[in-house]
Amino acid sequence: MSKPKTRWIVIFVIICALQFLVLFGAEEPAPDLSNSIDKADTAWMIVATAFVLFMTPGLSFFYGGMVSVKNVISTMLQSFIALGVISLLWYLVGFSLAFGDSIGGFIGNPTTFFAFHNVGLSPNPRLAPTFPFLLFALFQLKFAIITPALITGSFAERVKFTSYLIFMCLFSLLIYCPLAHWTWHPDGFLRKLGVLDFAGGTVVHMSAGFAALAGAAILGKRQNKTHQPANIPFIILGTGMLWFGWFGFNAGSALAANGLAVQAFATTNMATASAMITWVMFDALVGRKISAMGACIGAVVGLVAITPAAGYVNVGQSVFIGFAAAIVSNLAVYYRQKTWLDDTLDVFPCHGLGGIVGMILTGVFAKDVGLINGKFETFGYHLLALVIVGVFTFGGSYIIFKITGLMTRLRVSPEDERLGLDISQHSETLSTKELIAVEMVSEHTKQESERTLNPLVVEGRGKFG
């Protein structure tokens, strides 16, 4: 066993200290006040919460299938590890920053729900009036988990794993939590302006898209930008898991087992179907072959675009939203490839622009208050929010990447990038052939090192056995 590095000793000591803090500082759960709880709402929200959690492993397969074979495990782990890291952060302080007592409409008081203090089994009249408040906290946790995982697609195949962990923690606390407070807390300033975000087009997808743009710009191009996707069936499987889980993402955001949840369920499915078919037909129109990857990307773009609008539009309008988003993102992916920007899995063209299209069209079609109803106010505030969120998330993420770079190197070494992140970061590999190749390279490197250090000894071995 090798001697651990000092930073890992410090981190492990901090983790141990937190264990004792929460062990002896946690309060007993509040009593279950069954008379004030709607059992149908509670049952649906438990299911929806599980659905949303299922999306992160789905994203793991979706991204993992797209990268080169030597980076599959590392890419999948970058999504999967968020389940652990963000869960603990959310429990300690993240939920309080997002939904604690509002400080000027910009951030929650970190002490309000620190370590889930006062987050029990009774409903909360402002946030969860018909089901346990603890369930609301867990439902919102799943959104917080998948957001930094979405960003990883932009810097896949070249980011150092430890630097990603640092960035993920800082992004969650400094970008995601404030955005969630602005948009979803009853006293958040965007919500008070009338900005509508039913399930996270702004909070999740736009924030991930702009953060991805910052990450791709800072980390620079990969050494080899051209590769064959490692596993197309992984991409199809991941898309199916995302589509399935997204019903909890959107329909669950009704926060009740009611007609609004059914409406969001229907609009989610139809927008996704529309975007998928539009994407592959547009590919055929411009001379590209209809592909499984294109169908999957199109479906995900539809899921992204309908997210802010799911409960505010009818089914016909959702079909148009999927159509519009698919064309915009398809063109963006094509033209992004002609630029210097190496957004590995096109997170900004798909999630960032998909969220923007969805947000704008929510302002157009939203029932009773949309532009289509002759009301400009909501649409205008959506445009204003787009600028505010874009500047905040891009600028804030850019600064966080820079801070992370001061703490540790952001990008792996050229040699580690050539070997692949699976081997260089985790000593694991998907392919036996890849492992054999790495062992051959390592042996060659060792021999070259020996020859450099003591050429007479190496030459003597050759001559005399």
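Side notes on the structure shown:
- Considering all C-alpha pairs of the range 233-318, those separated by over 16 Å amount to 50%.
- Rounded to the nearest 10 square angstrom, Arg418 shows an accessible area of 130 square angstrom against a 1.4 Å probe.
- Helix 455-464 and the long axis of the chain differ in direction by around 60°, with both axes built from C-alpha atoms.
- Computed from label points 7 Å out along Cα-Cβ, the spacing between Asn118 and Arg409 is 4.7 nm.
- Computing Kirkwood radius over Cα pairs in Å directly from the structure and comparing it against [x] 23.3; [y] 27.6; [z] 21.4 singles out [x].
- Which of Ser318, Val286, Thr272, positive extreme of dipole for the range 254-352 (C-beta unit charges): Val286
- Where labels lie 7 Å past Cα in the beta-carbon direction, separation of Ala17 and Ser427 in nm: 2.9
- Between Ile399 and Asp38, the FRET efficiency from the beta-carbon distance, with R0 = 41 Å, is close to 0.40.
- Computed from the C-beta positions of Thr111 and Thr226, the FRET efficiency with R₀ = 60 Å rounds to 0.70.
- Karplus-based coupling profile of the range 353-369, in residue order and whole Hz: 6, x, x, 5, 4, x, 5, 5, 6, 5, x, 7, 9, 3, 4, 6, 10, with θ = phi - 60° in 6.51 cos²θ - 1.76 cosθ + 1.60 and x standing for Gly or Pro.
- Coupling constants for the range 422-427 follow from the phi torsions by the Karplus curve (6.51 cos²θ - 1.76 cosθ + 1.60, θ = phi - 60°), and in residue order they are 4, 6, 6, 9, 10, 6 Hz; glycine and proline get x.
- What the phi angles of the range 159-166 give under the Karplus curve with 6.51, -1.76 and 1.60, with θ = phi - 60°, is a coupling list of 8, 6, 4, 5, 5, 5, 4, 5 Hz, glycine and proline written as x.
- Within the range 159-200: backbone nitrogen closer than 18 Å to the Arg126 label point (7 Å, Cα to C-beta): 177-195
- His227 accessible area, 1.4 Å probe, all protein chains in place, Å² to nearest 10: 60
- When Phe394, Phe24 are compared by accessible surface with a 1.4 Å probe, the order from highest to lowest is Phe24, Phe394.
- Taking a ≥ b ≥ c as the square roots of the Cα gyration tensor eigenvalues, the range 1-152 comes out oblate, since a/c reaches at least 1.5 and a/b does not exceed b/c.
- Placed amide H near Arg411: partners under 5 Å, 5+ positions off or other chain: Lys160
- The length gained on full extension between Ile46 and Lys367, counted as 0.36 nm times the residue separation minus their Cα-Cα distance, comes to 112.7 nm.
- Options Ile235, Phe167, Leu219, ranked by Cα towards positive dipole end of the range 138-254, top entry (Cβ charges): Leu219
The values are calculated or read from the model by the stated rules, or taken from the named source; none is laboratory data. Predicted model, so just to flag it, every value in this text is computed and none were measured. Cβ: placed from backbone, ideal geometry, glycine included. Neighbour counts: every protein chain shown. We work out accessible area using only protein heavy atoms, side chains counted, and drop any ligands, DNA or RNA first. Shrake-Rupley method; radii C 1.70, N 1.55, O 1.52, S 1.80 Å.
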